[in-house]
1. Using only Cα positions of the chain, each an equal point scatterer, no hydration layer, compute I(q)/I(0) via Debye at q = 0.11, 0.12 Å⁻¹ and quote the log10 values to two decimals.
2. Among the lysines, select those whose C-alpha is under 28 Å from the C-alpha of Lys162, and discard any that sit fewer than 8 residues away in the same chain.
3. If you fit an axis through the alpha-carbon atoms of helix 26-41 and take the longest principal axis of the Cα set of the chain, what angle between them do you get, 0 to 90°, nearest 10?
4. So for segment 75-123, taking the charge dipole from beta-carbon charges (+1 Lys/Arg, -1 Asp/Glu), which of Cys87, Ala104, Leu121 sits furthest toward the positive end?
5. What translational D, rounded to a whole number of µm²/s, comes out for segment 96-167 from Stokes-Einstein when the hydrodynamic radius is the Kirkwood one over Cα pairs, at 10 °C and 1.306 mPa s?
6. Classify segment 51-102: rounded, prolate or oblate, from the alpha-carbon gyration tensor (a ≥ b ≥ c, eigenvalue square roots; a/c under 1.5 rounded; otherwise prolate if a/b is larger than b/c)?
7. Go ahead and estimate [θ] at 222 nm for the chain from helices alone: -39,500 (n - 2.57) per DSSP H run with n ≥ 4, summed, over the residue count, rounded to 500.
8. How much net charge surrounds Gly140 when only other residues with a Cβ under 14 Å from its Cβ are counted (Lys, Arg +1; Asp, Glu -1)?
Amino acid sequence: MALLPILRFPDPRLHTVAAPVAEVDDTIRRLIDDMAETMYEAPGIGLAATQVDVHRRVVVIDVSEERTELLALVNPVIVARSGEQVCEEGCLSVPGVYDKVSRAERVTVEALDRQGKPFSLDAEGLLAVCIQHEIDHLDGKVFVEYLSLLKQNRIKTKLAKKARITA
Ligand code: GNR
Ligand code: NI
């Protein structure tokens, strides 16, 4: 297992559209394990491969309090969505920034598990938010892109300043 470095907004690599995984092999399983370790260490409730500069459609999620319910989704696709919820979101690629985003309240997602077996999952609430947030990453989209351009520019300035201090 290994901790992977997380790309920070506005890194242009965060806008890469990830390619589907052709086969869930040991390389993908190792990626899932490393992403899970990175997510738990951060700590975060989800992580998309895009954030660790691997442009394949792989996501890990754990929204449980105990941090014992790891979900790995390969080639996830939302096949149904309903309702609306507004959640205060954060992102490991945009540290220290939190803002409200409106998303579907319920989603049904189809994906492959770590053995390459297809499964379907009905999610609502925070899990549904996280699934939508992670699939956005795979499509090259960061949650701040839902905010006004004024807010996006303020966030860029703030992160640039912070990067200078921590560099
Ligand atoms: O850790 C995370 N918390 C979070 C909170 C509200 C909505 C979405 C998220 S996902 C985020 C981890 C992350 O950046 N995943 O891409
Ligand atoms: Ni994120």
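Each value in this text was obtained by applying a stated rule to the coordinates, not by laboratory testing. If you're wondering where the values come from, they're calculated on a predicted model, not measured in any experiment. Note: ideal-geometry Cβ built from the backbone for every residue, glycine included; neighbour counts use all protein chains shown.
1. -0.43, -0.51
2. Lys100, Lys141, Lys151
3. Around 50 degrees separate the two axes.
4. Sorting the options by dipole projection puts first Leu121.
5. The calculation lands on 109 µm²/s.
6. Rounded is the answer for segment 51-102, as its axis ratio a/c remains below 1.5.
7. One gets -9500 deg cm²/dmol as the mean residue ellipticity at 222 nm.
8. -2
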